[in-house]
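Here the structure is laid out as structure tokens; the discussion comes afterwards.
The values are calculated or read from the model by the stated rules, or taken from the named source; none is laboratory data. Worth saying up front: this structure is predicted, and the values here are computed from it rather than measured. The protein model used for the area step is the full one, side chains on, heavy atoms only, and it has no ligands, DNA or RNA in it. Shrake-Rupley method; radii C 1.70, N 1.55, O 1.52, S 1.80 Å.
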Amino acid sequence: MGITVDELAQLDCDITENSSEDGTLYSYIVTIQPGGPPHIIDSIDGLDPATLSIHIDANVFDEPDGPAED
């Protein structure tokens, strides 16, 4: 998204799944609520200014080399 975790924490946002009727997950939709710091909102890569939303890849939370071993 092009912002830091600290900047994201300053925003009020909703995360919803973009999935098919059979449950196949295509992506996540992050919608930023109006009223957040404009300099942060303006710096989000790929944000649709009309809807204040961005699609995030469904694999964003996957660990690159599989689950960590304890």
By residue number, the members of segment 10-32 that are in a strand (DSSP E or B) and open to solvent by less than 100 Å² (accessible area, probe 1.4 Å) are Cys13, Asp14, Thr16, Asn18, Ser19, Leu25, Ser27, Tyr28, Ile29, Val30, Thr31, Ile32
Per the filter on segment 33-49, residues open to solvent by less than 90 Å² (accessible area, probe 1.4 Å) and over 13 Å from Ile3 (Cα atoms) are Gln33, Gly35, Gly36, Asp48
